[in-house]
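Following: one structure in structure tokens, then a few remarks.
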Amino acid sequence: VNGTIGIGLIGSGYMGRAHAIAFTSASSVFDLEAEPHLTLLADVDAETARDAAASLGFTRSTGDWRELISDPEVDVVDITTPNRLHVEMATAAIEAGKHVYCEKPLAPTAAEAGELVRAAEVAGVKTMVGFNYLKNPITALAKEIIESGEIGEVFGFRGNHYEDYMLDPNTLVSPWRFDPRSGDGVVADLGSHVVSLARHLCGPIDSVAAERSTVIGERRDPDGRPMTIEVADEVDALVRFESGARGTVSASWIATGRKMALGFEVRGTKGAIAVDFERLNELELYTTDQSVGREGFTRVLAGPAHPDFAAFVPAPGHQLGFNDLKAIEVRDLIDGIARPDDAPWPDFREAWEVQRVIDAIARADERGAWTDIVAIDG
Ligand SMILES: NC(=O)c1ccc[n+]([C@@H]2O[C@H](COP(=O)([O-])OP(=O)(O)OC[C@H]3O[C@@H](n4cnc5c(N)ncnc54)[C@H](O)[C@@H]3O)[C@@H](O)[C@H]2O)c1
């Protein structure tokens with residue numbers, strides 16, 4: 001370890017906790033280039049921040065996020081607040097010369113994400129966005145299988161992220177997710193994960209056609225008052241990749257019965273792979289060289305032969321969980337910052353590329369026509 005990196009965490013909800021756990025576990029699991037120090041935590045008010053700092057292991061706390069950004073002991077500003085606050089907070093952090101680790105989606109629009117990319121690149125600060133499913137050893141295995149040519153030439157992709165946490169119109173688990181300033185509803189919330197995986201596995205997307213729908217047009221806010229919903233509950237998009245491959249991207253937060261059905265299938269001329277992250281440690285592989293009568297997908301379990309798995313547990317089939325993906329992400333963040341010639345990934349530029357596709361999906365739906373990604377904030 002070459003030194004310490006001071007972490008300033010803004011927000012201590014679902015993701016704030018996950019990040020705090022990840023900083024702690026990454027230090028034990030990996031041989032990091034530097035030691036993350038849980039320096040300062042900010043939340044909506046002093047009391048909330050103090051309680052969260054005590055339970056998550058931060059040294060100090062503040063009820064004012066701007067104080068966190070100007071704190072000389074904070075090297076990395078870690079943003080886990082509702083989406084609509086990301087741009088203002090990340091902009092201030094970059095202006096203060098801090099590295100920024102921000103949850104997805106980076107910004108409500110590609111134009112705003114693009115501003116952040118330019119600001120970060122001019123300031124020379126390093127950035128990372130929390131597309132944690134790219135860090136799953138199973139995702140790395142899928143990419144390795146595709147790139148080795150094992151499934152031949154890839155021509156088809158299916159990606160989906162289905163959960164049902166917004167199914168009940170009367171219990172709003174997360175009102176800010178319906179704020180149009182947070183981005184385009186489920187397209188931004190869950191669709192962004194699918195788009196990040198699609199790009200990671202099959203390369204840049206060239207154009208999209210799409211339909212979004214708001215199935216539950218009226219909900220009740222936490223005080224029981226009626227609330228008109230403008231953002232999408234579901235989205236289905238057709239995508240064309242620059243490679244010539246075609247596919248689909250779908251997302252729903254009212255997918256009855258589905259809890260974490262983020263999945264993808266990649267079809268090639270010599271085989272296919274299929275993944276469903278409700279089974280986070282499994283990949284199904286089919287190859288066309290099987291004998292007649294014995295054909296089928298083979299279930300491959302994550303194990304120490306796959307990248308990063310052995311750091312957690314030496315035995316195959318002993319599962320990693322969601323928080324472990326965050327620990328891998330944090331390892332990449334810390335090492336990318338500590339090494340002078342390295343940088344964390346996926347960075348703000350990649351998040352901007354994802355957001356261009358998200359924006360194109362909205363435009364394609366509005367126009368009822370195929371829409372080129374180059375037309376979005378190029
Ligand atoms: N990568 C993933 O898998 C994943 C999963 C869930 C959420 N997220 C992302 O993480 C972000 C947060 O989502 P969440 O589910 O943790 O939300 P949440 O509502 O559970 O937590 C938000 C936190 O931000 C705090 N906050 C709100 N306004 C603030 C302000 N002005 N100053 C300081 N703190 C403030 C809240 O008090 C709370 O602690 C979102 O961008 C979301 O899209 C990512």
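The values are calculated or read from the model by the stated rules, or taken from the named source; none is laboratory data. Keep in mind that what you see is a predicted model, and the values were worked out from it rather than measured. With ideal geometry, Cβ positions are generated from the backbone for all residues, glycine too; neighbour counts draw on all protein chains shown. Surface areas here come from the heavy atoms of the whole protein model, side chains and all, with no ligands, DNA or RNA. Shrake-Rupley method; radii C 1.70, N 1.55, O 1.52, S 1.80 Å.
Restricting to the range 88-99, name every residue that is open to solvent by 30 Å² or more (accessible area, probe 1.4 Å) and either near the ligand (Cβ under 8 Å from one of its atoms) or out of contact with any strand residue (DSSP E or B) (no Cβ under 6 Å at 6 or more places or on another chain) (or both). Outline the logic, then answer.
Going through the range 88-99, the residues open to solvent by 30 Å² or more (accessible area, probe 1.4 Å) turn out to be 88, 91, 95-97, 99.
Within the range 88-99, E88, T91, E95, A96, G97 meet the criteria.
Quick one: what pairs do we get from the range 102-115, first residue over 10 Å from Q355 (Cα atoms) and near the ligand (Cβ under 9 Å from one of its atoms), second in a helix (DSSP H, G or I) and of a type in the set (F, W, Y), C-beta under 8 Å, 6+ apart or different chains?
Partner pairs satisfying both residue conditions: C102/F348.
Here's a check for you: in the range 122-147, which residue that is farther than 24 Å from A18 by Cα and among the charged types (D, E, K, R) is most open to solvent (accessible area, probe 1.4 Å)?
Result: E147.
Inside the range 3-42, can you point out the residues that are in contact with a helix residue (DSSP H, G or I) (Cβ under 6 Å, 6 or more places away or on another chain), assigned to a loop (DSSP other than H, G, I, E, B) and over 24 Å from D341 (Cβ atoms)?
Across the range 3-42, the qualifying residue is only S12.
Return only the number of the condition from (1) at negative phi; (2) touching a residue at least 60 places away in the same chain (Cβ under 8 Å); (3) not aromatic (F, W, Y) that G257 does not satisfy.
For G257, the failing item is (1).
Select the helices (runs of 4 or more DSSP H) contained entirely in the range 300-372, then report the ones holding at least 3 residues which are within 20 Å of I94 (Cα to Cα) and either open to solvent by 30 Å² or more (accessible area, probe 1.4 Å) or aromatic (F, W, Y) (or both). Talk me through it step by step, then tell me what you get.
Numbers: elements: 309-312, 322-338, 348-367.
Output list reads 348-367.
For the range 182-200, enumerate the residues that are more than 12 Å from the ligand (Cβ to nearest atom) and open to solvent by 10 Å² or more (accessible area, probe 1.4 Å).
D184, R199, H200
Quick one: in the range 236-262, which of the residues that are within 17 Å of F277 (Cα to Cα) and assigned to a loop (DSSP other than H, G, I, E, B) is nearest to the chain's Cα centre (by Cα)?
Narrowing the range 236-262 to residues within 17 Å of F277 (Cα to Cα): 249-253, 255-262.
From the residues that got through so far, the ones that are assigned to a loop (DSSP other than H, G, I, E, B) too are 253, 255-260.
Details: W253: 16, A255: 19, T256: 22, G257: 22, R258: 19, K259: 17, M260: 13 Å.
My answer is M260.
Within the range 43-53, identify whether any single residue is at pLDDT 95 or above, crowded, with 23+ Cβ neighbours inside 10 Å, in contact with an Asp or Glu (Cβ under 6 Å, 6 or more places away or on another chain) and outside any loop (DSSP other than H, G, I, E, B), and answer yes or no.
There is at least one residue in the range 43-53 that is at pLDDT 95 or above, crowded, with 23+ Cβ neighbours inside 10 Å, in contact with an Asp or Glu (Cβ under 6 Å, 6 or more places away or on another chain) and outside any loop (DSSP other than H, G, I, E, B).
Could you tell me whether the range 307-323 includes any residue that is under 27 Å from F155 (Cβ atoms) and in contact with a Leu (Cβ under 9 Å, 6 or more places away or on another chain)?
Residues of the range 307-323 that are under 27 Å from F155 (Cβ atoms), as a first pass: 307.
Checking the rest, the ones that are also in contact with a Leu (Cβ under 9 Å, 6 or more places away or on another chain) come to 307.
Yes, that holds for at least one residue.
If a residue has to be among the acidic types (D, E) and either closer than 20 Å to A327 by Cβ or buried (at least 20 other Cβ atoms within 10 Å of the Cβ) (or both) to count, how many in the range 148-160 make the cut? Don't jump to the end; show me each part of the working.
Residues of the range 148-160 that are among the acidic types (D, E), as a first pass: 150, 153.
After this cut, where a residue has to be either closer than 20 Å to A327 by Cβ or buried (at least 20 other Cβ atoms within 10 Å of the Cβ) (or both) as well, the list is none.
Number satisfying all stated conditions: 0.
Consider the range 207-235. How many of its residues are open to solvent by 80 Å² or more (accessible area, probe 1.4 Å) and either within 19 Å of the chain's Cα centre (by Cα) or more than 20 Å from T371 (Cβ to Cβ) (or both)? Even if it seems obvious, please write down each step before you answer.
Residues of the range 207-235 that are open to solvent by 80 Å² or more (accessible area, probe 1.4 Å), as a first pass: 211, 215, 218, 220, 222-223, 225-226, 228, 230.
Then keep just the ones that are either within 19 Å of the chain's Cα centre (by Cα) or more than 20 Å from T371 (Cβ to Cβ) (or both); that gives 215, 218, 220, 222-223, 225-226, 228, 230.
Of the residues in the range 207-235, 9 are open to solvent by 80 Å² or more (accessible area, probe 1.4 Å) and either within 19 Å of the chain's Cα centre (by Cα) or more than 20 Å from T371 (Cβ to Cβ) (or both).
Pairs needed: first member in the range 151-179, in contact (Cβ under 8 Å) with a residue 40 or more places away in the chain; second member anywhere, surrounded by fewer than 16 Cβ atoms within 10 Å (Cβ to Cβ) and assigned to a helix (DSSP H, G or I); C-beta distance under 9 Å; at least 6 residues apart or different chains.
W176/R84; D179/R84
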